[in-house]
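Written out below as structure tokens is the structure these notes cover.
Throughout, read-outs are computed from the coordinates displayed, never taken from laboratory work. Bear in mind that the values here come from a model prediction, so they are computed numbers and not experimental data. Quick reminder, even Gly has a Cβ in these numbers, built from the backbone with ideal geometry, and neighbours come from all protein chains shown.
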Amino acid sequence: MDDDEVRRVVAHRTLVPGGRDYAPSELPGMEPGLEQLPIFFDGRRGPVALANVGEAWEGVELAPEGGSESVGVAVPPERRPLVDADGEEFLAGYLRYFLARDCFLAAVQWEMVRGLLGTVDEIALSELHAIGSDVLARASVRAQMRGDSGARLATADIELGIRATDQDWLDRPKWGGRL
């Protein structure tokens, strides 16, 4: 299939992960090094990194002069959090945007060359569900760190989840290897 056809086929599917498609990526701990952690900006002096600390994730602000300080600990949801209708559409729009990125389908096709089984549209949809799962989990964790339950997410929460996910997916070491 050419790229435009893959995009047309996948765009007509449900891009936001449903209950059984929700499977956020495991986060590394602090031990392997900060360069392995997803980093985002949160209106603080330094960026915030998310690290796995057992059953929970910890937000750690990285100081420009070195060192770090915890900004909170939250448990990522085991089940897909509820999302209001506007938030659901916002996440679907983000996933459509990701689907349109040239590097996305190049990475999917590289996985197929490496032997991942399935059709290109199935693998692309699976990758989009993985991205959406990460956005939802990180949105919930960020909401919890602000004092909300993180069980029901709105558009503003989804936006924060995207900010905590976007660069991580684009800069994934395995994606760099694919391209």
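Assorted remarks:
- In region 34-74, Cα pairs under 8 Å separated by at least six residues give a relative contact order of 28 percent.
- Within region 77-169, the GluC sites (Glu not before Pro) that combine a DSSP coil assignment with at most 10 other C-beta atoms in a 10 angstrom radius are GLU78.
- Loop-located GluC sites (Glu not before Pro) in region 2-53, at most 16 other Cβ atoms within 10 Å (DSSP): GLU26
- With contributions of -39500 (n - 2.57) from each DSSP H run of at least four residues, the per-residue ellipticity at 222 nm computed over the chain stands at -14500 deg cm²/dmol.
- Table column - 3J(HN,Hα) (Hz), region 122-137, Karplus curve with 6.51, -1.76, 1.60, x for Gly and Pro: 5, 5, 4, 5, 4, 5, 5, 5, 5, 4, x, 5, 5, 4, 5, 5
- Cα principal axis extents for the chain, largest first, Å: 48, 36, 26
- Size of region 34-74 as Cα extents on the principal axes (Å, biggest first): 29, 19, 16
- Point-charge dipole on Cβ atoms (K/R +1, D/E -1) for the chain, about Cα centre, debye to 20: 120
- Across region 36-44, computed HN-Hα scalar couplings (Karplus, 6.51 cos²θ - 1.76 cosθ + 1.60, θ = phi - 60°) run 8, 8, x, 10, 8, 9, 9, x, 9 Hz from first to last residue, x flagging Gly and Pro.
- Coil-residue trypsin sites (Lys or Arg not before Pro) of region 1-94, DSSP, other Cβ within 10 Å capped at 11: ARG20, ARG45, ARG79
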